[in-house]
Amino acid sequence: MSQNESSPLKSSSSSLQVFSMMSLSPSLGSSYPWLKELKSEERGLYLIHLLLTCANHVATGSLENANIALEQISELASPDGDTMQRIAAYFTEALADRILKTWPGLHKAINSTRVVDLVSEQALVRRLFFEVFPFLKAAFLLVNQAIIEAMEGEKVVHVIDLDAAEPMQWIALIRGLSARPEGPPHLRITGIHVRKEVLDHMGHRLSEEAEKLDIPFQFNPVVGELEDLDVERLHVKTGEAVAISSVLRLHSLLASDDEPLRKKLPLALKNSNGIHLQRALQMSQNTLGELLEKDTVDGYSPSPDSASSSPLSSPVSPKVDTFLTALRGLLPKLVVITEQDSNHNGSTLMERLLESLHSYAALFDCLESTVSRASSDRLKLEKMLFGNEIKNIISCEGAERKERHEKLEKWIQRLDSAGFCNVPLSYYGMLQAKTLLQGYNCNGYKMKGENGCVMICWQDRPMFS
């Protein structure tokens, strides 16, 4: 995310030093004309400062000060501006929504007439995400190649899709299986989704493709929430070779382990470490990720709560553990899980805000490097996908907070505990995925192996595992 101004930040340190000494007080008035005079890199640093200051006020219940910070952020943030302005707009909306939830009646009244077609919206943003980023394409390649190799010589193959929303993955698998030297197997795909029409569409597309390639095929739709799934409905039969795929789905089960939404919001802040703005003033940064790296990480030391969510600790998640154990009971030959490789499931607001600022900065960085700022598809992705995820991570608590992304290490621990053993992903699949990433004409996308798993990265930051 190159800033519009390329000069080192130290050249503007005098004005930023003024910002850092300013208190956020009502005496500044309702408008801040001096904010409009900031250069791009000055504005980016100050927005980070304001966001973390505002989150601190929200977490400690100092809502008047939070309101003042939000007013200043609103002078600078913009959903169609530069990268820091865009990401700040969505974090600001999330913090404001969290404040509104302290007045449930007001929050409900403001949202009472909001009409959203969640199914159409989810289908649209998933399609845009699939087309704009290489992450899902690479995951589908890796999953399909792993299934094809694991099912070599099998006569009857049963694939279970825990989030059956994308027919293209299985159309590619059908084509791959049709090319087997020994001929295609009898293929059955079970798809799980909350909406029947989504499954009907997938079943039609897959049946059409299988008929065209003369592959014996059945589609078994299972309508319902994954959280309520009875594995008996998967109808696994004796003699079938079973493969299970979960793409960006299992993390939502972690919400079932949390206590119900507390009536008292916001949560008390257990770690009030702020940012060290002066340290950042001495640096020269060119990307939002670098701004965040210098401006937050050095000034944040995990609290006891956040230590409990570190990758080294043993994850306690009964719902997921029970679910994985049930899947293990189906005796699958293969289970492949794809998840966003981020730690968004911390127990405190400040911890989640810091972690999500870093990870979503990288996603916004991808877009800034590859898509025009004026692109309507970019605006839709940022608002309808990333904006909604950010709001859920920052604004929600309890069972309402579904976006509980966690790191690869935790998923490995859970799978080990459920009785699975790690099988390295296909070398040929990794070569295919690398070729795909190289085809994006952008050297920011990278891939690396870790513990037999694959990390798909932006620059050196793991994004999906």
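The values are calculated or read from the model by the stated rules, or taken from the named source; none is laboratory data. On a predicted model such as this, the values are computed, not experimentally measured, just so you know. All Cβ positions, glycine included, derive from the backbone under ideal geometry; neighbour counts span all protein chains shown. All accessible areas refer to the heavy atoms of the entire protein, side chains included, with ligands and DNA or RNA removed. Shrake-Rupley method; radii C 1.70, N 1.55, O 1.52, S 1.80 Å.
Computed packing ranks the peptides 87-95, 159-167, 128-136, 326-334 as 87-95, 159-167, 128-136, 326-334, most packed first, by mean other Cβ atoms within 10 Å. In this rough spin-label picture, where each label sits 7 Å from Cα along the Cβ direction, the SER372-GLN218 distance is 5.1 nm. If the segment from GLU450 to GLU208 were pulled out straight at 0.36 nm per residue, it would be longer than the present Cα-Cα gap by 83.3 nm. Our coupling estimate for segment 404-420, obtained by passing each phi through the Karplus curve with A = 6.51, B = -1.76, C = 1.60 and θ = phi - 60°, is 10, 4, 9, 7, 3, 4, 5, 5, 4, 4, 5, 5, 4, 5, 7, x, 7 Hz, Gly and Pro reported as x. For the residues TRP103, TRP458, a 1.4 Å probe over the protein chains yields an accessible-area ranking, largest first, of TRP103, TRP458.
Pairs over the 18 Å Cα-Cα cut-off, from the set LYS137/LYS448; LYS333/LYS446; LYS407/LYS448; LYS155/LYS212: LYS333/LYS446; LYS155/LYS212. Label-to-label distance for ASP80 and GLU152 is 5.4 nm, based on points extended 7 Å past Cα in the beta-carbon direction. For segment 143-242, the list of GluC sites (Glu not before Pro) that fall in a loop by DSSP and count at most 13 other C-beta atoms within 10 angstrom reads GLU152, GLU182, GLU225.
Put the Cα centre of segment 418-453 next to the Cα centre of segment 61-133 and the gap is 34 Å.
For segment 60-115, trypsin sites (Lys or Arg not before Pro) are listed when DSSP marks them as loop and at most 13 other Cβ atoms sit within 10 Å of their Cβ; the list is ARG114.
Could you tell me which of rounded, prolate or oblate describes segment 36-109, using a ≥ b ≥ c as the square roots of the eigenvalues of the alpha-carbon gyration tensor, with rounded for a/c under 1.5 and, failing that, prolate when a/b is larger than b/c and oblate otherwise? Prolate, because a/c is 1.5 or more and a/b exceeds b/c.
For segment 156-207, trypsin sites (Lys or Arg not before Pro) meeting the loop criterion (DSSP other than H, G, I, E, B) and having at most 16 other Cβ atoms within 10 Å: ARG195.
At a probe radius of 1.4 angstrom, the accessible area of segment 383-426 per residue rounds to 38 square angstrom. With all projection directions averaged, the alpha carbon convex hull of segment 354-416 covers 5.6 nm².
As a ratio to 2.2 N^0.38 Å, the alpha-carbon radius of gyration computed for segment 318-465 takes the value 1.16.
Cα convex hull, segment 129-208: 96 Å³ per residue, rounded to a whole number.
On a per residue basis, segment 36-109 carries 34 Å² of accessible surface, using protein heavy atoms and a 1.4 Å probe.
For the pair LEU63 and LYS402, label points projected 7 Å from Cα toward Cβ lie 2.7 nm apart.
Where a Cα-Cα gap under 18 Å defines reach, which aspartates and glutamates qualify for LYS383, not counting those fewer than 8 residues away within the same chain? Partners found: ASP80, ASP82, GLU93, ASP97, ASP117, GLU121, GLU131, ASP365, GLU368, GLU403.
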